[in-house]
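Reading through the structure tokens given below for one structure.
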Amino acid sequence: MSQNENQILEFPTKKSLRVRMMNQSAEKKSILSISLASVFLVTLVMNEWIKNVQQIQKEGSARGVASLELKDFKKEYDWEQKWAKELAVQEADQSSKVASKPNDRDNLVYGVLEGKYSANFQKGQLISLEFNGSDSAPSLKPELFLSEYQRYLNSNSDHYRLLQKDGSKMTYEILSNKNQVLGLAEFDVNADGTIQSLVHKIK
């Protein structure tokens, strides 16, 4: 054998095998790492998907409850409105039954005389008037009063006649259609001739 041939070294078989085993181990670790990463990623995605589904279901349930609550509120509101209207109608009907139209006395005292006179009535007839001094008396003179409102003195009156005038005092006879004297109306007037007081003397 030549010297060159003696210099050829044998390939270290054991060392090569160890390297291959190390490479295979590294590959297995790499595959295992990739697998674990894949499982983790899939788990993460699944968890996120489940959370989204639960959130959607929760929101849907909340919307359903809110919708029901809104419907219930609207129903209750409509019922209250209807009840309020019915109550108002009932109260109006009751008030119309209880309240009466202004009678002749009210028309005279609060309409014609504007509430500025104290009035005294007996058996439906006006007995006396007295100006209460509030503001100014309505511009109402004895003859105008008698021509328009003598029925308040006597419902059977037909006309009147001046009997006496003495300064601020004026006395009129209240007559029937047969000229029967039904009573005397004694007026006291101011400088303008406006009524300050009235005394009705029934015959």
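What residue, of GLN180, GLN164, GLN150, is of a type outside the set (Gly, Ala, Ser) and either crowded, with 20+ Cβ neighbours inside 10 Å or not assigned by TED's automatic domain parsing to the domain that holds GLN125 (or both)?
Exactly one residue qualifies, and that residue is GLN150.
In the list ASP192, ASP188, ASP158, which residue meets the criterion of being over 49 Å from the mean Cα position of the chain (by Cα) and over 25 Å from ASP106 (Cα atoms)?
One residue alone meets the criteria, ASP192.
Could you please give the count of residues in the stretch 108-117 that are in contact with a helix residue (DSSP H, G or I) (Cβ under 9 Å, 6 or more places away or on another chain) and not in a loop (DSSP other than H, G, I, E, B)?
Residues meeting the conditions: 3.
Which count do you get for residues in the stretch 167-176 that are in contact with a strand residue (DSSP E or B) (Cβ under 8 Å, 6 or more places away or on another chain) and surrounded by fewer than 20 Cβ atoms within 10 Å (Cβ to Cβ)?
Number satisfying all stated conditions: 6.
In a helix (DSSP H, G or I), touching a helix residue (DSSP H, G or I) at 6+ places or on another chain (Cβ under 9 Å), closer than 23 Å to HIS200 by Cα and at pLDDT below 85: does that describe ARG105?
Considered against the rule, which asks whether it is in a helix (DSSP H, G or I), touching a helix residue (DSSP H, G or I) at 6+ places or on another chain (Cβ under 9 Å), closer than 23 Å to HIS200 by Cα and at pLDDT below 85, ARG105 comes out as yes.
In the list SER197, SER134, SER157, SER139, which residue meets the criterion of being closer than 20 Å to ASN120 by Cα, out of contact with any helix residue (DSSP H, G or I) (no Cβ under 8 Å at 6 or more places or on another chain) and not in a strand (DSSP E or B)?
Going through SER197, SER134, SER157, SER139 in turn, the sole match is SER134.
The values are calculated or read from the model by the stated rules, or taken from the named source; none is laboratory data. Model, not experiment: these values are computed from the prediction. Note that each Cβ is placed from the backbone with ideal geometry, even for glycine, and that neighbours are counted across all protein chains shown.
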